[in-house]
Amino acid sequence: MTNYCGYMGKVLVLDLTTKKTENYIWTDLDREKYIGGKAMASKILYDNLTGSETPFGPENLIVIATGPLTGTGAPSSNRFDISSLSPLTGITSSSNCGGNFGHYLKKAGLDALIIRGACEELNWVEIDNGEFVFHDAADLQDLKCGETQDTLQKKLNEAHGRQIRCGMVCIGPAGENLVRYASVISGERAAGRAGMGAVFGSKKLKAITAAGDAVPTVFDKEGAAEHRKKWVNYIRSHPLTGDQLPKLGTAGLVSSMQVHGLLSTRNYAKGQFEEFEKVNGETLAEELNVANNGCLSCPIRCTRRVPVEGKTVKGPELETLGLLGGNIENADLEQICRWNYELDELGMDTISAAGTLAWAMEANEKGIWKSGLAFGEREKLSQVFDDIAHRRGIGAELAEGSRRLSKKYGGQDFAIQSKGMELAAYEPRRAVGQGLGYAVANRGGCHLNGGYLVVLEGLGLNIDGQTPRGKADLCMVMQDLMEAISCGGQCLFTSYGVVPGFMIRNPNGLLQRAVNAVVPFAGPAVRVYNKIPEVACFNIPLIPYPTELYYTTGMKMTLGQFTRAGERSYNVERAVNARFGVSAANDKLPKRLTDAPQDPNNPKTKVPLEQMKKTYYRARGWGKNGLPGEKKLRRLGIR
Amino acid sequence: MVTVKLFGTLRLDSGVREFTAEADSVRALYPQVLAEIRARKPDSAVTEKTLRACLVAVNGQQTTPRARLKNGDVVYLFPAVAGG
Ligand code: SF4
């Protein structure tokens, strides 16, 4: 139970071995500290994992968590999070998804579902108003994600004698076959990263459906309506969220990344792809995009819809365009759309699949591992992806990811991963703050968990991407803010609005140039805020999240407390990962990014990681070992 | 002769992808870009101010609107939004 609105007040543990459920105690104090979503999941993992568990063991937990704003109609708030011990990285990880499962999980009466144990045979689980029914899934075995969801919808309609409105999560063949970067799919959207689909597969859990009649309450309906109206107007008037994202999607960043030398090319050997114009957002919009789409309650609608095999399907995001484009030397946009669809259907993360592929192409070229895959290869790839999903031939090896492959065959210097997770398409040698973020990110080489500094270093603001100055402090504040935003259930793209529109509209203006020049020097000021965020004992319109949380839940929160909640989330995730062996030694990047300048004539074009890491740990109040100590955890109220 | 390429929402909104022009600096290009856009879309909301706010790259490298041009250069214009 809870005294706060927005939440359903119920967290359940589902034991797949005994097929029983039990309540999990999650108090209002926990809600105040962790808000929801991934922070809640991290705390649950922290309280229940000892460090002895293995990703594919029945003792591993899956936590599917919503935020208090999920399903309440707040803008872009329909996200949910899946967290678990990752088979790709061996540490805990989370994967955020915009599919409709979170919305319906709340309708079924739950804020979060904790899954433990394992089924004996492949099953799917139906949640109906908080009741759980197990179904045999033998007939769903090896079905792709689209067909799985269509079949389940039919089964539910038939069983209940009416059209059932529900949310689903499911895995494809890749999850069933324990591909280490298998995704979980909800509708057309993926919880793509970190192999959550393989954990489902190890538990022989093909899918979960959720339906129900519960509706989350809103604390101050009038206040919330007024606030949301203003916020949606702001989102629509902002140059990024109101113009660029709707018109070009995330793909709109490709051209800009090219100019800034940030577009991963040829397995990150370069930051510019000669044929980028064939695979950029503009060409996608002009030649293939047939409609925009969006997650529930989102005014931005950044999703592209493209034709593939006579169907209209979800188009590729920027990361996929970069990694299945220039990074493997492919300039065929239609192929990227097709592969993107195939990978989603097989239930596989496009980023890790493409990153592993690029490593294999370079390894093949260097004679380290003769896979027969060459840069520029297009013909074979659909088959290769199918082989990975079914662990056939070289697919069985590629299913292991680039870290394991490079440990086995060599070529670790160009395995573009951190903590085992392949990097997204932002080449960090021209945006060194993003490089720091990739290295220190709790879940591994993730651009978002890393703080997404690239948005300040060229793709939004235009601060010097080459200087390490100020980056550690900026990285921390961005990580903490994004963490808190995500915990509420909102999409991180709304955070683009934090950069005032006028800063973006005219980057050549005097004020804008001055701000860009000064921001790296603001490190000490940012550090003060990072240390005592409570100095922000107020809220500001540019960061409307705490105000929205108040109107929806009734939980009073200042900007400072909100940032602190983000920091708490980041630390609890770090603390549980410490039990699985994470320390400063794991916060690293491949040598290609730290030792080899992108431009051989400019030695600055590499990531000065060790230097930034020291400042980052100091900023975080962590020890030299890169970990929060007992005192820090107590101060944050984690212990 | 230089080649001018438009990107981002500037390209989508104007329908102009690329054209060739004569100019010895990026700034000197603006009236020609405007003319090209107007020829394609007479009611376009793009003004010279819009163009002055654009990020500029010459031959793939980011530079300023003050940059000089030489024969054969390729100029990219990004509305600031596409820079971010
Ligand atoms: S901005 Fe895009 S990803 Fe985010 S909620 Fe909206 S449609 Fe979904």
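Annotations for the structure displayed:
- Cβ-Cβ under 8 Å pairs, at least 6 apart or on other chains, the range A:294-316 side within 18 Å of A:Q244 (Cβ to Cβ), far side aromatic (F, W, Y) and within 8 Å of the ligand (Cβ to nearest atom): A:I300/A:F493; A:C302/A:F493
- Residues within the range A:1-37 that are farther than 23 Å from A:D220 by Cβ, of a type in the set (A, V, I, L, M) and out of contact with any strand residue (DSSP E or B) (no Cβ under 7 Å at 6 or more places or on another chain), tallied: 1
- Every residue from the range A:204-217 that is surrounded by fewer than 22 Cβ atoms within 10 Å (Cβ to Cβ) and either at pLDDT below 95 or not hydroxyl-bearing (S, T, Y) (or both): A:K204, A:A211, A:G212, A:D213, A:A214, A:V215
- Verdict on A:Y426 being at pLDDT 95 or above and within 25 Å of the chain's Cα centre (by Cα): yes
- Residues in the range A:16-29 include none that are under 29 Å from A:R236 (Cα atoms) and out of contact with any Lys or Arg (no Cβ under 6 Å at 6 or more places or on another chain).
- Conditions (1) surrounded by 18 or more Cβ atoms within 10 Å (Cβ to Cβ); (2) assigned to a helix (DSSP H, G or I): number failed by A:M555: (2)
- Output for the range A:517-548, where each listed residue is touching a residue at least 60 places away in the same chain (Cβ under 8 Å), in a loop (DSSP other than H, G, I, E, B) and surrounded by 14 or more Cβ atoms within 10 Å (Cβ to Cβ): A:I543, A:P544
- When the criteria are applied in full, A:G73 fails the requirement of being of a type in the set (G, A, S) and without any contact (Cβ under 8 Å) to a residue 24 or more places away in the chain.
- Within the range A:234-267, the set of residues being within 16 Å of the ligand (Cβ to nearest atom) and among the polar types (S, T, N, Q) comprises A:S237, A:T241, A:Q244, A:T250.
- Residue match in the range A:524-545 (condition: of a type in the set (K, R) and within 25 Å of the chain's Cα centre (by Cα)): no
- From the list A:G347, A:G367, A:G376, A:G393, the lone residue that is touching a Cys at 6+ places or on another chain (Cβ under 8 Å) and small (G, A, S) is A:G347.
- Residue count for the range A:254-276, restricted to those that are part of a helix (DSSP H, G or I) and within 8 Å of chain B (Cβ to nearest Cβ): 4
- Residue check, A:A514 of a type in the set (G, A, S) and in contact (Cβ under 8 Å) with a residue 24 or more places away in the chain: no
- Residue match in the range A:278-297 (condition: more than 12 Å from every other protein chain (Cβ to nearest Cβ), closer than 29 Å to A:Q434 by Cα, in contact with a Phe, Trp or Tyr (Cβ under 8 Å, 6 or more places away or on another chain) and not in a helix (DSSP H, G or I)): yes
- Any hit, the range A:344-361, residues being surrounded by fewer than 24 Cβ atoms within 10 Å (Cβ to Cβ) and under 16 Å from A:Y268 (Cβ atoms): yes
- Residues being over 30 Å from A:R429 (Cβ atoms) and touching a helix residue (DSSP H, G or I) at 6+ places or on another chain (Cβ under 7 Å) - total across the range A:562-595: 7
- Meets criteria (within 16 Å of the ligand (Cβ to nearest atom) and more than 30 Å from A:L542 (Cβ to Cβ)) for A:V313: yes
- Leading residue by the ranking (surrounded by the most Cβ atoms within 10 Å (Cβ to Cβ)) among those in the range A:473-501 that are part of a loop (DSSP other than H, G, I, E, B) and within 14 Å of chain B (Cβ to nearest Cβ): A:V499
- Positions within the range A:152-177 being in a loop (DSSP other than H, G, I, E, B) and surrounded by fewer than 20 Cβ atoms within 10 Å (Cβ to Cβ), in sequence order: A:G161, A:R162, A:Q163, A:I164, A:R165
- Flag if A:W339 is within 23 Å of A:E147 (Cβ to Cβ) and at pLDDT 95 or above: yes
- Those residues of the range A:296-318 which are among the small types (G, A, S) and crowded, with 18+ Cβ neighbours inside 10 Å, in sequence order: A:S297, A:G315
The values are calculated or read from the model by the stated rules, or taken from the named source; none is laboratory data. Model, not experiment: these values are computed from the prediction. No Cβ is skipped: glycine too gets one built from the backbone with ideal geometry, and neighbour counts run over all protein chains shown.
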